[in-house]
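Visitor: Take this structure, written in structure tokens, and hold onto it; I'll ask about it next.
Bear in mind that the values in this text are calculations on the coordinates, not laboratory data. Keep in mind that what you see is a predicted model, and the values were worked out from it rather than measured. Cβ: placed from backbone, ideal geometry, glycine included. Neighbour counts: every protein chain shown.
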Amino acid sequence: MPNRIKRKKPIIAIDGPAGAGKTTIARLLACRLGFTYIDTGAMYRVVAVRAHEEGINSGDENRLESLCRKIDIIFRTTEEENRIFLNGEDYSEKIRKPFVGQITSQVSAKPNIRETMVSLQRKMGGNGAVVMEGRDIGTVVFPDAEFKFYLDASSETRGKRRYLELKAKNEDVPLDEIIKEIKDRDERDASRIHSPLKKAEDAVYIDTSDMAIEEVVRTMLEVIKRTGLSL
Ligand code: DC
């Protein structure tokens, strides 16, 4: 760490399973460094929601692909929140509805959807000064990223975090149902043929189960700053 520096400003790739804390941690890290934050899970979620709105079946790869080609995605990020706009419309709340996780997992397993999204992600992050978060950033999207982190936590911890998030939004889903959904999704994301979730060999592994958010951000900033890289 870091990999050989190839850009004026680095790419920081963050991967890991659902509920490992990636979204909050990546957003804070990006804001502290003054980098752009790109939540690739939110990008797949937007595609799945839009497809759902247009009545496109998650098995209809041709229509899904042409949908991907005409989308314009913009993020607006602060330390408090990250908002995502699709063709100018704010989709931030819609993409977090519980049913969206399942349909997104199906849509994101399609190879031509992944190809289209990966090339969009490379365009968005290729110049560096970016924190990009997802499942395949350090392995597929930017295997040459200067920094790679893999955030993990036990399925019970991840389930509890999701449960509290939903409860705060007055959505009362039983905890055991959430943990089961997380395990099912992990299984699907890790066993799919195209870009399965796995840690890049050169990624720094952090188990966030017993760590506070700030502690994880601090640990990551230390790893980055230790390299003496000018940010
Ligand atoms: O991180 P998330 O829960 O918002 O991700 C939603 C889904 O998208 C999840 O099932 C995994 C998938 N995903 C992916 O396949 N590749 C990425 N780079 C990001 C997310």
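Visitor: Mind listing the long-range amide H neighbours of residue 204? Cut-off is under 5 Å, sequence gap 5 or more, other chains count too, H placed in the peptide plane at 1.01 Å from N.
Guide: Long-range HN contacts for residue 204: 148, 149, 150.
Visitor: I need the phi-derived Karplus couplings for the range 221-227: 6.51 cos²θ - 1.76 cosθ + 1.60, θ = phi - 60°, integer Hz, Gly and Pro marked x.
Guide: So the Karplus estimates, Gly and Pro as x, are 4, 5, 4, 5, 6, 4, 6 Hz.
Visitor: About the Cα centre, and with charges only on the beta carbon of Lys, Arg (+1) and Asp, Glu (-1), how big is the dipole of the chain? Nearest 20 debye, please. Could the numbers behind the result be given before it?
Guide: On the way: 40 positive and 38 negative charges, 159 e Å.
My answer is approximately 760 debye.
Visitor: Under 5 Å between amide H atoms, partner at least 5 residues away or on a different chain: which partners does residue 209 have, H built in plane at 1.01 Å?
Guide: 154
Visitor: If you only keep lysine pairs separated by 8 or more in sequence, or across chains, how many in the range 74-231 come under 13 Å at the Cα atoms?
Guide: 7
Visitor: Ok, one more. Nearest 500 deg cm²/dmol is fine: what mean residue ellipticity at 222 nm does the chain get from its DSSP H runs of n ≥ 4 alone, each adding -39,500 (n - 2.57), divided by its residue count? Each step should come with its number before you reach the end.
Guide: On the way: 8 runs with 105 residues, N = 231.
When only DSSP H runs of four or more count, the value is -14500 deg cm²/dmol.
Visitor: Which of 220, 164, 35 sits closest to the plus end of the dipole of the chain, meaning its Cα is farthest towards the positive end, when Lys and Arg get +1 and Asp and Glu get -1 on the C-beta?
Guide: It is 35, whose Cα lies furthest towards the positive end.
Visitor: What residues of the range 83-109 lie in the reach of a label at residue 168, counting those whose backbone N is under 15 Å from a point 7 Å from the Cα along Cα→Cβ?
Guide: The answer is 83, 93, 96-97, whose backbone nitrogens lie closer than 15 Å to the label point.
Visitor: May I ask you to list the trypsin sites (Lys or Arg not before Pro) in the range 29-109 that are in a DSSP loop and have at most 10 other Cβ atoms within 10 Å of their Cβ?
Guide: 70
Visitor: Could you order the peptides 144-156, 126-138 from most to least packed, using the average number of other C-beta atoms within 10 Å per residue? Walk me through the intermediate numbers first.
Guide: Values: 144-156: 20.8, 126-138: 23.0.
Result, highest mean Cβ count within 10 Å first: 126-138, 144-156.
Visitor: Follow-up. Taking Cα pairs under 8 Å and at least six residues apart, what relative contact order does the range 129-228 come out at, in percent?
Guide: 38 percent
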